[in-house]
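Heads up: the structure comes next, in structure tokens.
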Amino acid sequence: MEIFVRGDNIKVTKAIENYIKEKLSKIDKYIGDSEKVKATVVINVKNHNQKVEITIPLKTFIVRAEETKDDLYAAVDVVIDKIERQIRKNKTKLQSKKMKDLISKDFIIDEIEEVENIKEEKIVKRKTIEVKPMNEEEAILQMELLGHQFYIFKDSETLKPTVVYKRKEGNYGIIETE
């Protein structure tokens, strides 16, 4: 796996880069054709918090996790454990007949160990909504009034379905469709 390490508000030393590459190498065993995979690691320092984000785009999936800790090395350990847990946890979903063809190029299923006590997740509610044309500010207001973390609307300028969502730090994000 090719690993790119970038620092925001921090200089990434060789020691940090080598530590991250060594830790990420244990995920290689899960990824088929790993020499073609490019992982991106972003380290961000704000006050005393060290935030580590890892994104691994595969052919059909994107594996992503982030962690914030006081200690950079602890954050790296936790975020890599999260990624490994995501892959192991979703093993049964990845092995389903529908997904088998999709993931055959991305993951080596035999290498993924069984995880015990995994609750089977299922869709428990389905809802149909009317998507109204509005601008981003109106959509944010509507989302806040409903007390939701996201809101789907039709952008009044492009008339495309759009999602506004509340981010962890309190700001907002927009997801647009093509």
Cβ crowding within 10 Å averaged over residues, with 167-173, 72-78 ranked highest first
72-78, 167-173
Between residue 156 and residue 11, with labels modelled 7 Å along Cα→Cβ, what's the label distance in nm to one decimal, could you check?
5.0 nm
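Grab the beta carbon distance between residue 141 and residue 64, set R0 = 25 Å, and tell me the FRET efficiency rounded to 0.05. Mind dumping the intermediate values first?
Working: r = 29 Å, r/R0 = 1.17.
Computed FRET efficiency for residue 141 and residue 64 comes out at 0.30.
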Hey, which of these cross-link pairs are over 25 Å Cα-Cα: 69/122; 26/51; 122/160; 14/168; 59/89?
69/122; 122/160; 14/168
For labels at residue 19 and residue 36 in the simple 7 Å Cα→Cβ model, what's the distance in nm?
3.4 nm
Note down the nm distance, to one decimal, between modelled labels 7 Å out along Cα→Cβ at residue 177 and at residue 148.
1.4 nm
Counting only other residues whose beta carbon sits under 13 Å from that of residue 25, what net charge do I get with K and R as +1, D and E as -1?
-2
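For the pair residue 126 and residue 44, what calculated FRET efficiency results from E = 1/(1 + (r/R0)^6), where r is the Cβ-Cβ distance and R0 = 35 Å, to the nearest 0.05?
In this case the efficiency is close to 0.40.
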Given unit charges at Cβ for Lys, Arg (+) and Asp, Glu (-), the dipole magnitude of the stretch 139-178 about its Cα centre in debye, nearest 20, is 160 debye
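Values in this text are rule-based calculations from the coordinates and carry no lab data. Values in this document were obtained by computation on a predicted structure and should not be read as measured data. All Cβ positions, even for glycine, are placed from backbone atoms using ideal geometry, and neighbour counts span all protein chains on display.
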